[in-house]
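Read the structure below first, then the notes.
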Amino acid sequence: MAFPELRASIAATRDSIYMNTGFTGPSPEPVVRRVRAVLENESSVGPASVEGLAQSRRIAEEAREALAALLKADPDEVTITHGTTEGLHVVIYGLDWQPGDEFVTCTLEHPALATPAAVLEERYGVAVRRVDIAPNAGSAEAIEAIASAITPRTKLVALSHVQFSCGLKLPAKQLVDAAHRAGTLIALDGAQTGGQLALDLHALDVDFYSISGQKWCLGPQGTGALYVKRDHQRLLAPIFTTHAIADSRALPGDAPGGGNPLMRFRIASQSPALTAGLAEAVRLLTALGLEEVEAYTRGLGARLRAGFSTIPGCTVTGPMEEEAACGLTAVAVEGWEPRDLVDALWERYRIAVRAVAHPPAIRFSTGAFNTEEEVDRVLEAMRVLASSGPAARSQATA
């Protein structure tokens, strides 16, 4: 599949400009067909029949292998989740926290990391170090800020690889190396990277990495994956103890016949149909080539940011330098509340974006199915709205 074929397979591109993949991406038709086919087969044979259960097991293995290929990891280091947040919680709450332990994160973080940080403080007496990082910080600045916050009491560093509110891409390899030099573990939130950036988790040497299936991977909602480095799989205790393993101190792989050792962290059953859709979506992206996807989405983002810099009243709130940027771009427009601007773009131009709060802005996601022509149409729409102000919305809806 090539980029034009991917675009042609996504219905949302036909009468709108969809630039909200960082929230939820639109699934290509092959993904929708795969979900439908599995649901129909379950309805035909019964989901818990011998045939239905065998199908479910096959799909789970297929998805783990596809995700492992996407992440450049081994299948037994990957488990399927219901989303990025679930994977992060498996890691964060699975560690043995003691009063005085330290947790290092930053002030830009999504609630997926910010909320459990607060829980660790309240529940376990953990000292949380929230490092101030500017939305447009350079790599050296980010590395220095994080590295200087790590102490001998730090148990975990947890950061988003790409910050959701501004598109700042942190220098992941340097941060992983800094954490390891200090003797601490590091977990990365890959909600905005899985399916957008070319990842090699073995080369990155990260300890834990969680991604979303429904964002840049273009899979169904309620899907995701967690990577746990093989050396650390015994460090985590399950949040829930389920039928997947009766004794939480053992690993399924220790038993005769082996199995996926990460099954012990499974919180609840997954839909085979949605899991199959995720596997199909990941295969499509892998066929496109993640290096090509990353270059393409970054190029569209650069075109968007360059255009915004020429529009009076528009301020890009995230990074402008190429090294720290990606396909996620946030911009503030003088005189506009972000939510009002989101509504105006949709009502007047059928452009789908989202509002973010810290810093206040609207966020554009340039995905593998978007085009340069769409970027130029977005810039023209923003030029009109920036010059006319919020009155433009009331005129459009009058």
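Under the Kirkwood approximation applied to all pairs of distinct alpha-carbon atoms, what is the hydrodynamic radius of region 184-244 in Å?
12.9
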query = Using the Kirkwood formula over every pair of different C-alpha atoms, what hydrodynamic radius in Å results for region 1-136?
reply = 19.0
message = Let me check against my output: what whole-number percent is the relative contact order of the chain, with C-alpha pairs under 8 Å and at least 6 apart?
response = 22
key: Mean Cα-pair separation over length for region 247-381, i.e. relative contact order, pairs under 8 Å, 6 or more apart, %   = 20
request  = Give, in whole angstrom and from largest to smallest, the semi-axes √(5λ) of the equivalent ellipsoid of region 1-79, with λ running over the eigenvalues of the Cα gyration tensor.
outcome  = 28, 20, 10
message = Against the empirical 2.2 N^0.38 Å scaling, what ratio does the C-alpha Rg of region 289-397 come to?
response = 1.03
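What are the equivalent ellipsoid semi-axes of the chain, built from the alpha-carbon gyration tensor (square roots of five times its eigenvalues), in whole angstrom, biggest first?
In descending order the semi-axes read 35, 28, 17 Å.
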query = In whole Hz, what ³J(HN,Hα) sequence does region 225-235 give by Karplus (6.51, -1.76, 1.60; θ = phi - 60°), x for Gly and Pro?
reply = 8, 10, 9, 10, 3, 3, 5, 10, 5, 8, 6
task = Would you mind calculating the gained length between GLU61 and ASP231 on full extension (0.36 nm times residue separation, minus the Cα-Cα distance), in nm to one decimal?
result = 59.0 nm
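Consider all pairwise Cα distances in region 86-242 and report the whole-number % of them above 24 Å.
Here the tail beyond 24 Å accounts for 28 percent of pairs.
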task = Fewest Cβ neighbours within 10 Å first, please rank ASP207, ASP101 accordingly.
result = ASP101, ASP207
remark   = CD proxy, 222 nm, the chain: helix-only mean residue ellipticity via -39,500 (n - 2.57) per DSSP H run with n ≥ 4, per residue, nearest 500, stands at -13000 deg cm²/dmol
key: Note, ³J(HN,Hα) from phi for region 310-317, Karplus 6.51, -1.76, 1.60, rounded to Hz, x at Gly and Pro   = 9, 9, x, x, 9, 10, 5, 8
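Take the residue pairs LYS173/LYS215; LYS173/LYS229; LYS155/LYS215 and return only those whose Cα atoms are more than 19 Å apart.
Exceeds cut-off: LYS173/LYS215; LYS155/LYS215.
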inquiry  = Nearest 5 percent is fine: what portion of the DSSP beta bridges confined to the chain is antiparallel?
reply    = 50
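Every read-out reported here was derived from the displayed coordinates using simple, explicitly stated rules and does not represent laboratory data. Remember, it's a predicted structure, so these values are computed and weren't measured experimentally. Quick reminder, even Gly has a Cβ in these numbers, built from the backbone with ideal geometry, and neighbours come from all protein chains shown.
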